[in-house]
Amino acid sequence: MTVELAQPQSPELHHTHRDVTGGWLRPAVFGAMDGLVSNFALIAGVVGAAGAGRGAVLAGFAGLVAGACSMAAGEYTSVKSQTELMRAEIAVERRELARNPEGEQAELAALYRARGLDAELARKVAAGLSADPEQALRVHVREELGVDPDDLPSPRLAAASSFGAFAAGALVPLAPFLFGASGLTVAVVLSVLALFGFGAVVARMTARPWWLGGLRQLALGVGAAAVTFGIGHLLGVTVS
C-alpha cells in the first residue's frame, strides 16, 4: 500500500486591489470636475453679460490655461509638502529604531496585544519583524503613521494629473465656441452630458451607484453655471 503525502499548498490570491495611494485619482477627479464646472460657469457668465462671441472664447481659453496651471502648481506644492512631512517623520522613526531598538520592539508587541494577540505571540511576532531593521521600519511606519514608506504620493504625478484633467474638463464647454457657436445651447448640452457622464464614471470607480454620482455632479455643475449666468446677465444689463 502506497501512502501519498499531501503537498503543501501555495497561498492562493483570491482578489486584487486597485492602487488607492498613488496620488493620481484625487487630483484627476478634482481637476476634471473643477475645469468643467469652473469654465462652464465662467463662459456662462460671460455669455450672460455680453453674449456669445470672441469674449466667450477668450474668457474660456484664459480660464483653461490659468486654471490648469493653478491646479498643477497647487497640487504639486500640496503633495510635495505632504511627502516631505512623511519623510521627516519616517526619519524620526528610523533614528528611534537605531537608538532604542528594544523599546521599539516592545512598542510593537504592545500594539499587537492591543489588537487581540496574547502576550507571548505578540512578543514573538514583534521579535520576528524586528530582526530586519528595514522591515521593522516599514512596519512601524505603517502602524504608527498609516503610510507605506515605499509608496509615497508623487508630487509630479499629482501635478500632471491635475493639469491634464483640468484642461480636458475646461475644454468641453469651450469647444463649441472654438468652432463658431453663436449661443450657449451646444455648450450647455455638452457640459450637461460631460457632467453626468464623468460623475457616473467616478461613481463606478468608487463602487457607488452610477446614476447617483452622475446626478450629483450634474446638479453641482448646472447650479454653478446658472448662478454665474444670472449674475453676468444682471451685470450686463446694468453696465449697458
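Considering only G60, G221, A50, and ranking their Cα positions along the charge dipole of the chain that arises from unit charges at the beta-carbon of Lys, Arg, Asp and Glu, the one farthest toward the positive end is A50. Each of S81, L137, A109 was placed along the dipole of the chain (beta-carbon charges, centred on the mean Cα), and the one lying farthest toward the positive end is S81.
The value of relative contact order for the stretch 26-239, using C-alpha pairs under 8 Å at least six residues apart, is 42 percent. Once the Cβ-Cβ distance of L121 and R95 is raised to the sixth power relative to R0 = 30 Å, the FRET efficiency obtained is 0.55.
Computed over neighbours whose Cβ is under 13 Å from that of W210, the net charge equals +3, Lys and Arg +1, Asp and Glu -1.
What the phi angles of the stretch 139-148 give under the Karplus curve with 6.51, -1.76 and 1.60, with θ = phi - 60°, is a coupling list of 5, 4, 5, 5, 6, 8, 9, x, 10, 9 Hz, glycine and proline written as x. Note on the chain: GNM, Cα springs under 10 Å; of M33, M205, M71, the largest mean-square fluctuation is that of M205.
Only Cα pairs within less than 10 Å get springs; with that Gaussian network setup on the chain, which residue of R26, R115, R216 has the largest fluctuation? Answer for the Gaussian network model of the chain: R115. When only the Cβ of Lys, Arg, Asp and Glu is charged (+1, +1, -1, -1), the dipole of the stretch 26-239 relative to its Cα centre reaches about 820 debye. Between rounded, prolate and oblate, where does the stretch 112-234 land on the alpha carbon gyration tensor, with a ≥ b ≥ c its root eigenvalues, rounded for a/c under 1.5, else prolate if a/b exceeds b/c? Prolate. Rounded to the nearest 10 degrees, the inclination of helix 210-239 to the longest alpha-carbon principal axis of the chain is 40 degrees. Annotation: per residue accessible area for the stretch 26-239 equals 54 Å², rounded to a whole number [probe 1.4 Å, protein chains only]. Taking only the C-alpha atoms of the stretch 26-239, Rg followed by Dmax gives 25.3, 80 Å.
Helix-derived [θ] at 222 nm for the chain: sum -39500 (n - 2.57) over DSSP H runs of at least 4, divide by residue count, nearest 500? Walk me through the intermediate numbers first.
Working: 8 runs with 186 residues, N = 240.
It comes out at -27000 deg cm²/dmol, rounded to the nearest 500.
Rounded to the nearest whole Hz, the Karplus-based 3J(HN,Hα) values (6.51 cos²θ - 1.76 cosθ + 1.60, θ = phi - 60°) of the stretch 173-190 follow the sequence x, 7, 3, x, 6, 5, 9, x, 4, 9, x, 8, 4, 5, 4, 5, 4, 4, with x at glycine and proline.
Can you give the angle from 0 to 90° between the axis of helix 54-99 and the longest principal axis of the chain, with both taken from C-alpha atoms, to the nearest 10? So the inclination is approximately 10 degrees.
How much length is gained on full extension from M205 to R156, taking 0.36 nm per residue of separation minus their Cα-Cα distance?
Details: separation 49, 0.36 × 49 = 17.64 nm, distance 2.29 nm.
Gain on stretching M205 to R156: 15.4 nm.
If only the Cβ of Lys and Arg carry +1 and only the Cβ of Asp and Glu carry -1, the dipole of the stretch 114-195 around its Cα centre is close to 320 debye.
What is the angle, in °, between the Cα long axis of helix 101-114 and the longest principal axis of the Cα atoms in the chain? Nearest 10 is fine, range 0 to 90. Roughly 70 degrees between the two axes.
The values are calculated or read from the model by the stated rules, or taken from the named source; none is laboratory data. Please read these numbers as outputs of a predicted model, since none were measured by experiment. We place every Cβ from the backbone using ideal geometry, glycine too, and count neighbours over all the protein chains shown. Note: accessible area is taken over every heavy atom of the protein model, side chains too, but ligands, DNA and RNA are not part of it. Shrake-Rupley method; radii C 1.70, N 1.55, O 1.52, S 1.80 Å.
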